[in-house]
Amino acid sequence: MTAIQRTLSIVKPDGVQKRVIGDVIGRFEKAGLRIVAMKMIHMSSSDAGGFYVVHRERPFYGELREYMSSGPVVVLVLEGHDAIALTRRIMGATDPAHADPGTIRADLAESIERNIVHGSDSVESAAYEIPFFFSAMEIHGG
Ligand code: CMP
């Protein structure tokens with residue numbers, strides 16, 4: 001039996017710019033996930049740095065902060081059975097060159113940085129990432 005989980009997803013600046021917000025969230029909904037919170041925001045570099053703090057020692061951290069604050073993004077909370085792993089399957093591998101055909105990143109992304117979409121990678125990450133953007137009152141679970 002799989003648990004009902006919540007996961008945090010972001011349609012990144014390249015996804016907003018390419019006008020694929022609807023395509024991305026449509027794929028999540030068609031897979032049975034429920035959107036329980038959603039908004040469009042434009043992060044500062046320090047917001048993006050706080051969100052990705054787990055990567056602070058990585059060589060790409062500075063570029064990631066800059067990129068994620070380069071334009072508006074759509075942040076959303078998805079709820080459903082095994083939502084964390086399911087979302088990651090729908091997104092495909094981080095690097096679109098390695099993503100399975102039919103996944104969001106294989107179909108729409110151009111590089112490991114401009115990879116259209118983010119999804120929490122574990123229960124622990126989701127527990128950090130969801131309240132980073134949403135208060136309890138902004139989440140409308142069933
Ligand atoms: P995401 O799932 O949002 O989590 C961290 C992000 O860092 C990842 O997607 C990529 O967009 C980015 N990232 C991971 N590895 C690299 C890399 N080697 N070079 C540039 N960006 C990376």
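When each of 130, 116, 104, 112 is tested for being at pLDDT 95 or above and surrounded by fewer than 19 Cβ atoms within 10 Å (Cβ to Cβ), the lone residue that passes is 112. Can you confirm whether residue 32 is in contact (Cβ under 8 Å) with a residue 12 or more places away in the chain and in a loop (DSSP other than H, G, I, E, B)? Yes. Scanning region 88-101 for residues that are surrounded by fewer than 13 Cβ atoms within 10 Å (Cβ to Cβ) and of a type in the set (Asp, Glu) yields one hit, 100. I'm trying to understand the selection: among the residues of region 51-66, which are more than 13 Å from the chain's Cα centre (by Cα) and surrounded by 13 or more Cβ atoms within 10 Å (Cβ to Cβ)? Hits for region 51-66 are 54, 55, 61, 64, 65, 66.
Among the residues of region 71-83, is any in contact with a helix residue (DSSP H, G or I) (Cβ under 7 Å, 6 or more places away or on another chain), within 11 Å of the ligand (Cβ to nearest atom) and either in contact (Cβ under 8 Å) with a residue 60 or more places away in the chain or assigned to a helix (DSSP H, G or I) (or both)? Scanning region 71-83, I find at least one residue that is in contact with a helix residue (DSSP H, G or I) (Cβ under 7 Å, 6 or more places away or on another chain), within 11 Å of the ligand (Cβ to nearest atom) and either in contact (Cβ under 8 Å) with a residue 60 or more places away in the chain or assigned to a helix (DSSP H, G or I) (or both), so the answer is yes. Name every residue in region 85-126 that is within 12 Å of the ligand (Cβ to nearest atom), assigned to a helix (DSSP H, G or I) and either farther than 22 Å from residue 49 by Cβ or of a type in the set (Phe, Trp, Tyr) (or both), in order of residue number. Those that are within 12 Å of the ligand (Cβ to nearest atom), assigned to a helix (DSSP H, G or I) and either farther than 22 Å from residue 49 by Cβ or of a type in the set (Phe, Trp, Tyr) (or both): 87, 88, 91, 96, 97, 98, 104, 105.
The values are calculated or read from the model by the stated rules, or taken from the named source; none is laboratory data. Only a predicted model underlies this, so the values are computations on that prediction, with no experimental measurement involved. No Cβ is skipped: glycine too gets one built from the backbone with ideal geometry, and neighbour counts run over all protein chains shown.
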